[in-house]
Amino acid sequence: MRPTIHCHLVNDPFGDPGMYADIMFEGRALLFDIGDITALPPRKLLRVSHVFVSHAHMDHFAGFDHLLHLFLGRDKTLALFGPAGFIDRVGHKLHAYTWNVIRNYQGDLALAVTEVAEDGTLRRARFRSSQAFLRESMPDARMDGDLLASCGGLRVRCAVLDHATPCLGFAMEEPAHVNIWKNRLDAMGLAVGPWLRDLKRAVLDDLPAATPIGALRRSGDDTVAATLPLGALRGLAEVTAGQKIAYVVDVRYVPGNIGRIRQLALGADELFIECAFLQEDAEQAARKNHLTAWQAGRLARLSQVKRLVPFHFSTRYMDRGNVPGDEARTAFQETGGFRNQ
Ligand SMILES: [Zn+2]
Ligand SMILES: [Zn+2]
């Protein structure tokens, strides 16, 4: 099955952190963190429909102006998500500018901003260029479990993590795909038709074998309705798990975070994770509320992810090449017991 999410880092691992997720077949992209995003060409930025900001330290949020500048004058809604206090921060950024002529612009740019409180409350507000970006309050919502947003066919989950300030970790998930074997359909004398949608849904929902499915049977050149139990049709379908990609930056290596990250990233195909410091500088990492590369690798291993993407290396290691990445991979691949750190 073709992967439908293609993710890459916005900058090299020593640059500002950020991940661009191209959603194939939907003509859209999701952006995780907006520090320096000037490496992304405008045509890629203009595909972005949702922006997820882990926290508002400058290296994760300073690119807001660049994005705003590019989108201004366009008829478009951009959804932005961030931790507690995020709506005020977006409001402050917007109100640093003068908007006396913005009403003359043709396109109405709307920023739909959601902030996640630690208790799962979603506070929401909207800022529209047609209203000179005055804050418009929207009703609060609640997270459904850890589900933050649905973007087309994708779901984005989040965890509120501790970086001495709330910092959001994210996981993007595609739904499972169901494919129907055409040759098996033919062999059973069944015809293609809208009923296959119901069959796919029933398979995905794992309904009981006795569940009746309204099918179409071939009869000469015609088709006739037939009701068959799901159990008899189950073999027509093949289920392929959807992709899962997790993004975790700027967190302390403490039990609360470890448990939440594991839950968020469990079984992910890819985990993009910060490796700010080397384990030899673990004390400094703890003081600055960051992970070491070894801790990041261990988190990836605990979360049973398939692939690790280390990034957000401190520039102090710039002359040491990919040493932080190597340290993370070593911890990820260690087969013996974990070091007790
Ligand atoms: Zn950072
Ligand atoms: Zn930070």
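Bear in mind that the values in this text are calculations on the coordinates, not laboratory data. What you are looking at is a predicted structure, and each value in this text was computed from that prediction instead of being measured. Cβ: placed from backbone, ideal geometry, glycine included. Neighbour counts: every protein chain shown.
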Unit charges on C-beta of K, R, D, E only; dipole of the range 43-130, Debye:
440
For the chain, what does the helix formula give at 222 nm: sum of -39500 (n - 2.57) over DSSP H segments with n ≥ 4, over the residue count, nearest 500 deg cm²/dmol?
-6500 deg cm²/dmol
Mind listing the long-range amide H neighbours of K76? Cut-off is under 5 Å, sequence gap 5 or more, other chains count too, H placed in the peptide plane at 1.01 Å from N.
D108, L109, A110
Tell me the net charge near Q243. Cut-off is 9 Å between Cβ atoms, Q243 excluded, with +1 for each Lys or Arg and -1 for each Asp or Glu.
-3
Using a 10 angstrom cutoff on alpha carbons, build the Gaussian network for the chain and name the most mobile of R135, R43, R89.
R43
Amide H of L216: which non-local residues (sequence gap of 5 or more, or other chain) have their own amide H closer than 5 Å, using H built in the peptide plane?
A191, A226
Rounding to the nearest 20 debye, state how big the charge dipole of the chain is about its Cα centre with +1 on each Lys and Arg Cβ and -1 on each Asp and Glu Cβ.
600
I'd like the per residue volume of the convex hull spanned by the Cα atoms of the range 205-247, given in cubic angstrom.
111
What is the set of long-range amide H partners of F133 at a cut-off below 5 Å, with H atoms built 1.01 Å from backbone N?
R128
Gaussian network model of the chain, Cα within-10 Å springs - most flexible of A79, A241, A149:
A241
Which of rounded, prolate or oblate describes the range 77-154 when judged by the alpha-carbon gyration tensor and an a/c cut-off of 1.5?
prolate
Calculated from backbone phi, Karplus (6.51, -1.76, 1.60) coupling profile of the range 96-110 in Hz, x at Gly/Pro:
6, 10, 9, 10, 5, 10, 5, 5, 7, 5, 6, x, 10, 7, 10
Quick note, the range 1-154: a/c under 1.5 would make it rounded; otherwise a/b > b/c is prolate and the rest oblate (a ≥ b ≥ c, C-alpha gyration tensor); here it is rounded
